[in-house]
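To keep things clear, I will list the structure first and then write my remarks on it.
The values are calculated or read from the model by the stated rules, or taken from the named source; none is laboratory data. This one's a predicted model, so the numbers in the text were calculated from it and none came from an experiment. All Cβ positions, even for glycine, are placed from backbone atoms using ideal geometry, and neighbour counts span all protein chains on display.
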Amino acid sequence: MVYYLTNPIFYVFLFMLLELLTFLKPLRKLKRIPLIIAGVLLLVFTNPTLYVWAERKWIGDYNQANVEGKHYRYGLVLGGYSYWDWKRNRPEFSEIADRLFEAIQLYHQGVIEKVVLASDGSVISEEVNPGLHGNAEEMRKYVMRLGVKDEDLIIEPRANNTHENATFTIYLLGDSILLQPPLVITSAIHVRRALLAFQQAGLEVDTYATDIDSPFLANGGYKFLQPGVIGRWTALIHEVVGYKAYQHRYKNKQE
(Lines give C-alpha, C1' and ligand atoms only; values in the text may rest on other atoms or scores of the structure.)
Protein backbone atom coordinates (compact mmCIF):
# COMPACT_ATOMS: atom_id res chain seq x y z
CA MET A 1 0.00 0.00 0.00
CA VAL A 2 2.85 2.38 0.85
CA TYR A 3 4.28 1.82 -2.64
CA TYR A 4 1.09 3.11 -4.27
CA LEU A 5 0.74 6.06 -1.90
CA THR A 6 4.29 7.19 -2.70
CA ASN A 7 3.96 6.62 -6.45
CA PRO A 8 2.99 9.77 -8.42
CA ILE A 9 1.41 7.72 -11.21
CA PHE A 10 -1.17 6.45 -8.70
CA TYR A 11 -2.47 10.00 -8.27
CA VAL A 12 -2.45 10.62 -12.02
CA PHE A 13 -4.73 7.60 -12.51
CA LEU A 14 -6.83 8.63 -9.51
CA PHE A 15 -7.62 12.03 -11.02
CA MET A 16 -8.20 10.49 -14.45
CA LEU A 17 -10.70 8.13 -12.83
CA LEU A 18 -12.39 11.11 -11.18
CA GLU A 19 -12.65 12.74 -14.61
CA LEU A 20 -14.39 9.65 -15.98
CA LEU A 21 -16.84 9.84 -13.10
CA THR A 22 -17.80 13.48 -13.71
CA PHE A 23 -20.89 12.32 -15.59
CA LEU A 24 -22.35 11.56 -12.15
CA LYS A 25 -24.50 14.38 -10.84
CA PRO A 26 -22.48 15.07 -7.62
CA LEU A 27 -19.29 15.42 -9.66
CA ARG A 28 -20.53 17.37 -12.70
CA LYS A 29 -19.18 20.67 -11.38
CA LEU A 30 -15.69 19.16 -11.35
CA LYS A 31 -15.67 18.42 -15.07
CA ARG A 32 -12.23 19.01 -16.61
CA ILE A 33 -10.66 19.88 -13.23
CA PRO A 34 -9.45 16.31 -12.44
CA LEU A 35 -8.13 16.01 -16.00
CA ILE A 36 -6.19 19.27 -15.66
CA ILE A 37 -4.73 18.14 -12.32
CA ALA A 38 -3.70 14.80 -13.85
CA GLY A 39 -2.00 16.65 -16.71
CA VAL A 40 -0.14 18.97 -14.35
CA LEU A 41 1.03 16.00 -12.27
CA LEU A 42 2.35 14.29 -15.39
CA LEU A 43 4.24 17.43 -16.42
CA VAL A 44 5.75 17.81 -12.97
CA PHE A 45 6.73 14.19 -12.39
CA THR A 46 8.20 13.63 -15.85
CA ASN A 47 10.36 16.75 -15.60
CA PRO A 48 13.99 15.69 -14.94
CA THR A 49 15.09 19.25 -14.08
CA LEU A 50 12.67 19.44 -11.18
CA TYR A 51 13.54 15.94 -10.03
CA VAL A 52 17.30 16.59 -10.00
CA TRP A 53 16.70 19.76 -7.96
CA ALA A 54 14.58 17.86 -5.41
CA GLU A 55 17.07 14.97 -5.25
CA ARG A 56 19.97 17.33 -4.57
CA LYS A 57 18.01 19.13 -1.86
CA TRP A 58 17.25 15.80 -0.17
CA ILE A 59 20.77 14.41 -0.42
CA GLY A 60 22.41 17.64 0.72
CA ASP A 61 25.67 16.88 2.50
CA TYR A 62 24.89 13.16 2.69
CA ASN A 63 26.69 12.53 -0.60
CA GLN A 64 30.15 12.27 0.91
CA ALA A 65 32.05 9.09 0.06
CA ASN A 66 35.55 10.05 1.21
CA VAL A 67 37.21 7.17 3.09
CA GLU A 68 40.80 8.01 2.24
CA GLY A 69 43.12 7.00 5.08
CA LYS A 70 40.32 5.25 7.01
CA HIS A 71 39.91 1.60 7.91
CA TYR A 72 36.84 -0.36 9.00
CA ARG A 73 36.37 -3.90 10.19
CA TYR A 74 32.91 -4.13 8.63
CA GLY A 75 31.40 -2.68 5.46
CA LEU A 76 27.61 -3.06 5.59
CA VAL A 77 25.92 -3.22 2.20
CA LEU A 78 22.25 -2.36 2.61
CA GLY A 79 19.95 -4.45 0.41
CA GLY A 80 17.56 -3.64 -2.39
CA TYR A 81 19.96 -3.98 -5.32
CA SER A 82 19.18 -7.50 -6.62
CA TYR A 83 16.99 -10.58 -6.56
CA TRP A 84 17.76 -14.23 -7.26
CA ASP A 85 16.85 -15.54 -10.71
CA TRP A 86 16.08 -19.18 -9.96
CA LYS A 87 15.58 -20.11 -13.63
CA ARG A 88 19.11 -19.02 -14.58
CA ASN A 89 20.58 -19.55 -11.10
CA ARG A 90 22.16 -16.12 -10.88
CA PRO A 91 21.56 -12.71 -9.29
CA GLU A 92 19.80 -10.02 -11.31
CA PHE A 93 20.83 -6.48 -10.42
CA SER A 94 19.02 -3.15 -10.39
CA GLU A 95 20.40 0.33 -11.08
CA ILE A 96 21.54 0.67 -7.44
CA ALA A 97 23.91 -2.31 -7.64
CA ASP A 98 26.77 0.14 -7.04
CA ARG A 99 26.17 -0.60 -3.36
CA LEU A 100 27.56 -4.10 -3.71
CA PHE A 101 30.29 -3.44 -6.25
CA GLU A 102 31.62 -0.38 -4.44
CA ALA A 103 31.81 -2.47 -1.26
CA ILE A 104 33.82 -5.13 -3.06
CA GLN A 105 36.13 -2.42 -4.40
CA LEU A 106 36.60 -1.02 -0.88
CA TYR A 107 37.39 -4.53 0.32
CA HIS A 108 40.12 -4.95 -2.29
CA GLN A 109 41.51 -1.53 -1.41
CA GLY A 110 41.79 -2.57 2.22
CA VAL A 111 39.33 0.05 3.46
CA ILE A 112 37.06 -2.65 4.91
CA GLU A 113 38.05 -6.08 6.23
CA LYS A 114 34.71 -7.82 5.90
CA VAL A 115 31.76 -7.40 3.56
CA VAL A 116 28.38 -7.74 5.26
CA LEU A 117 25.35 -8.23 3.01
CA ALA A 118 22.68 -6.72 5.26
CA SER A 119 19.85 -8.58 3.56
CA ASP A 120 18.82 -8.31 -0.08
CA GLY A 121 16.50 -10.04 -2.51
CA SER A 122 19.33 -12.38 -3.49
CA VAL A 123 19.95 -13.62 0.05
CA ILE A 124 16.71 -13.11 1.95
CA SER A 125 14.94 -16.04 3.55
CA GLU A 126 11.28 -15.12 3.85
CA GLU A 127 9.05 -17.95 5.04
CA VAL A 128 5.79 -16.09 4.47
CA ASN A 129 6.50 -15.62 0.77
CA PRO A 130 8.62 -18.50 -0.58
CA GLY A 131 8.39 -17.17 -4.12
CA LEU A 132 10.64 -14.27 -3.16
CA HIS A 133 13.30 -16.38 -1.50
CA GLY A 134 16.87 -15.52 -2.24
CA ASN A 135 19.70 -18.01 -2.47
CA ALA A 136 22.23 -17.04 0.17
CA GLU A 137 24.67 -19.86 -0.52
CA GLU A 138 24.84 -19.25 -4.27
CA MET A 139 25.07 -15.50 -3.73
CA ARG A 140 27.97 -16.17 -1.37
CA LYS A 141 29.73 -18.11 -4.14
CA TYR A 142 29.01 -15.30 -6.61
CA VAL A 143 30.60 -12.66 -4.37
CA MET A 144 33.53 -14.96 -3.64
CA ARG A 145 34.17 -15.26 -7.37
CA LEU A 146 34.57 -11.47 -7.32
CA GLY A 147 37.48 -11.90 -4.91
CA VAL A 148 35.95 -11.72 -1.43
CA LYS A 149 37.23 -14.51 0.83
CA ASP A 150 34.67 -16.80 2.44
CA GLU A 151 35.79 -15.84 5.95
CA ASP A 152 35.40 -12.17 5.05
CA LEU A 153 31.80 -12.44 3.83
CA ILE A 154 28.90 -12.23 6.29
CA ILE A 155 25.25 -12.54 5.27
CA GLU A 156 22.20 -11.35 7.21
CA PRO A 157 19.21 -13.02 5.49
CA ARG A 158 16.13 -11.80 7.39
CA ALA A 159 15.75 -8.00 7.25
CA ASN A 160 12.89 -6.57 5.18
CA ASN A 161 13.54 -2.85 5.71
CA THR A 162 16.19 -0.37 6.81
CA HIS A 163 15.16 -0.49 10.48
CA GLU A 164 15.61 -4.27 10.46
CA ASN A 165 18.89 -3.88 8.56
CA ALA A 166 20.22 -2.00 11.56
CA THR A 167 18.77 -4.08 14.40
CA PHE A 168 19.33 -7.51 12.85
CA THR A 169 22.91 -6.73 11.79
CA ILE A 170 23.81 -5.43 15.25
CA TYR A 171 22.33 -8.60 16.76
CA LEU A 172 24.24 -10.78 14.28
CA LEU A 173 27.63 -9.16 14.82
CA GLY A 174 27.26 -8.51 18.54
CA ASP A 175 29.79 -6.58 20.60
CA SER A 176 32.36 -6.41 17.80
CA ILE A 177 30.21 -3.98 15.79
CA LEU A 178 29.62 -1.83 18.87
CA LEU A 179 33.35 -1.60 19.54
CA GLN A 180 34.19 -0.95 15.89
CA PRO A 181 31.38 0.98 14.19
CA PRO A 182 30.96 -0.10 10.56
CA LEU A 183 30.93 1.71 7.25
CA VAL A 184 27.39 1.65 5.90
CA ILE A 185 27.34 1.51 2.10
CA THR A 186 24.14 2.57 0.37
CA SER A 187 22.63 4.88 -2.25
CA ALA A 188 22.96 8.61 -1.68
CA ILE A 189 19.20 9.19 -1.40
CA HIS A 190 19.01 6.38 1.21
CA VAL A 191 21.85 7.62 3.44
CA ARG A 192 19.76 10.02 5.52
CA ARG A 193 17.19 7.33 6.48
CA ALA A 194 19.86 4.68 7.02
CA LEU A 195 21.78 6.94 9.41
CA LEU A 196 18.63 7.57 11.43
CA ALA A 197 17.82 3.85 11.58
CA PHE A 198 21.27 2.99 12.97
CA GLN A 199 21.16 5.90 15.42
CA GLN A 200 17.80 4.66 16.70
CA ALA A 201 19.37 1.22 17.13
CA GLY A 202 22.10 2.81 19.28
CA LEU A 203 24.95 2.81 16.79
CA GLU A 204 26.78 5.75 15.23
CA VAL A 205 28.15 4.81 11.80
CA ASP A 206 30.08 6.31 8.92
CA THR A 207 28.45 6.16 5.52
CA TYR A 208 29.64 5.67 1.96
CA ALA A 209 27.22 7.05 -0.63
CA THR A 210 26.86 5.36 -4.02
CA ASP A 211 24.97 6.24 -7.25
CA ILE A 212 25.19 9.87 -6.23
CA ASP A 213 24.48 11.56 -9.55
CA SER A 214 21.08 11.27 -11.16
CA PRO A 215 21.09 9.11 -14.33
CA PHE A 216 19.47 12.06 -16.11
CA LEU A 217 22.70 13.99 -15.66
CA ALA A 218 24.84 11.04 -16.68
CA ASN A 219 22.79 10.52 -19.85
CA GLY A 220 23.52 14.01 -21.06
CA GLY A 221 20.85 16.46 -20.13
CA TYR A 222 17.41 17.41 -19.02
CA LYS A 223 15.19 16.26 -21.86
CA PHE A 224 11.61 17.23 -21.19
CA LEU A 225 8.89 14.64 -20.49
CA GLN A 226 10.91 11.58 -19.49
CA PRO A 227 8.62 8.79 -18.20
CA GLY A 228 11.54 7.18 -16.34
CA VAL A 229 11.63 10.15 -13.96
CA ILE A 230 8.43 8.91 -12.30
CA GLY A 231 10.24 5.85 -10.95
CA ARG A 232 12.94 8.06 -9.47
CA TRP A 233 10.31 10.27 -7.85
CA THR A 234 8.74 7.17 -6.30
CA ALA A 235 12.07 6.19 -4.73
CA LEU A 236 12.72 9.70 -3.47
CA ILE A 237 9.24 10.15 -1.99
CA HIS A 238 9.56 6.72 -0.35
CA GLU A 239 12.78 7.88 1.33
CA VAL A 240 11.23 11.12 2.59
CA VAL A 241 8.12 9.37 3.94
CA GLY A 242 10.22 6.60 5.50
CA TYR A 243 12.51 9.11 7.17
CA LYS A 244 9.58 11.03 8.63
CA ALA A 245 8.04 7.77 9.87
CA TYR A 246 11.31 6.81 11.60
CA GLN A 247 11.49 10.27 13.16
CA HIS A 248 7.94 9.96 14.47
CA ARG A 249 8.60 6.49 15.88
CA TYR A 250 11.76 7.66 17.61
CA LYS A 251 10.01 10.72 19.07
CA ASN A 252 7.21 8.56 20.48
CA LYS A 253 9.72 6.20 22.10
CA GLN A 254 11.48 9.11 23.78
CA GLU A 255 8.20 10.43 25.16
**Message:** Can you confirm whether residue 80 is under 15 Å from residue 193 (Cα atoms) and surrounded by fewer than 19 Cβ atoms within 10 Å (Cβ to Cβ)?
**Reply:** no
**Item:** All positions within segment 23-52 that are loosely packed, with under 11 Cβ neighbours inside 10 Å and either assigned to a helix (DSSP H, G or I) or within 19 Å of the chain's Cα centre (by Cα) (or both)
**Value:** 23, 25, 26, 28, 29
**Prompt:** Does residue 65 satisfy the criteria of being hydrophobic (A, V, I, L, M, F, W, C), under 22 Å from the mean Cα position of the chain (by Cα) and within 18 Å of residue 177 (Cα to Cα)?
**Reply:** no
**Request:** Would you be able to say whether some residue in segment 90-98 is modelled with pLDDT of 90 or more, part of a loop (DSSP other than H, G, I, E, B) and in contact with a helix residue (DSSP H, G or I) (Cβ under 6 Å, 6 or more places away or on another chain)?
**Result:** no
**Message:** Of the conditions (1) of a type in the set (A, V, I, L, M, F, W, C); (2) assigned to a loop (DSSP other than H, G, I, E, B); (3) in contact with a strand residue (DSSP E or B) (Cβ under 7 Å, 6 or more places away or on another chain), residue 203 satisfies every one except a single condition; which number is it?
**Reply:** (3)
**Message:** Anything in segment 137-153 that is among the charged types (D, E, K, R), out of contact with any Leu (no Cβ under 7 Å at 6 or more places or on another chain) and either under 19 Å from residue 124 (Cα atoms) or assigned to a helix (DSSP H, G or I) (or both)? List them, or say none.
**Reply:** 137, 138, 141, 145, 150, 151, 152
